[in-house]
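Trainee: One structure is given below, represented as structure tokens, and several questions about it will come after.
What follows draws every value from the coordinates through simple rules; no lab data is involved. For clarity, every value in this text was computed on a predicted model and none was experimentally measured. A quick note on method: Cβ atoms are made from the backbone with ideal geometry, for glycine too, and the neighbour counts reach across all protein chains shown.
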Amino acid sequence: MPGPDVIVIGGSAGGIGALRGILKTLGDVRNSVVVVVLHRAPYYAGLAEVLQSYTAIPVREPATTPWTCPPGEVTLAPAGYQLLVGNDRRRSEQPQTPVQQYERRPGVRAHLTLDAPVLCSRPSLDVAFSTAAGLANSVTAVLLSCASEDGAAGCEAVKAAGGRVVLQDPASCEAAIAVNAALRRVEPDHIADPPGIGRWLAELS
């Protein structure tokens, strides 16, 4: 099933600064869907505007659910919600069973829920990564600086599903707990500082 590459980027403490370094070197992502999940308090607003100041790539927070994640844009997880990533569906012309009345399509949608926090976080990196692992598309999980192990299990899920895992170099992290936990679980496809991650993703796109 053809479809855009999907890049899911997650981080926490130090993640905004790391994401800035990535966005400044990422360049053209017109053929990729980019989803960003950063830990923040439920009342913290204005992050989309902050990230937009770093890049010409449009940065948007979902205002409804499900939310279409178009290629060439950054979809930012809103504060206070879990963000699940899934493929588009359309009604089948010849369903064989009630369950088969909807066919999976290559487009990507974000679904927002009020499910419980995971490792004290909502949005959770593990939730976003693990749901992205089930996409029909090619998936790359990018784990940045984070002061908990959130994201490590999600990286393992993406890798097990045949996707790629990119980790911020622990030496460049403000908090390396998550990336060190991921290193104990998976063999990453790439490790670099944030600008290096952006360049690697640009070549991938």
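Trainee: Output the residue which, of all residues in segment 120-147 that are surrounded by fewer than 20 Cβ atoms within 10 Å (Cβ to Cβ) and of a type in the set (Gly, Ala, Ser), is nearest to Arg89 (Cα to Cα).
Mentor: Ranking the qualifying residues of segment 120-147, first place goes to Ala136.
Trainee: Kindly list the number of the only condition in (1) in contact with a Lys or Arg (Cβ under 6 Å, 6 or more places away or on another chain); (2) buried (at least 21 other Cβ atoms within 10 Å of the Cβ) that fails for Ala110.
Mentor: Failing condition for Ala110: (1).
Trainee: Still on this model: Would you please name the residue that is nearest to the chain's Cα centre (by Cα), looking only at residues in segment 151-205 that are assigned to a loop (DSSP other than H, G, I, E, B) and free of Cβ contacts under 8 Å to residues at least 60 places away in the same chain?
Mentor: Gly163
Trainee: Another question about this same structure. So which residues in segment 11-42 are farther than 17 Å from Gln168 by Cα and of a type in the set (D, E, K, R), if there are any at all?
Mentor: Across segment 11-42, the qualifying residues are Asp28, Arg30, Arg40.
Trainee: Listed residues Val59, Val6; which is without any contact (Cβ under 8 Å) to a residue 24 or more places away in the chain, within 21 Å of Ser124 (Cα to Cα) and crowded, with 19+ Cβ neighbours inside 10 Å?
Mentor: Val59
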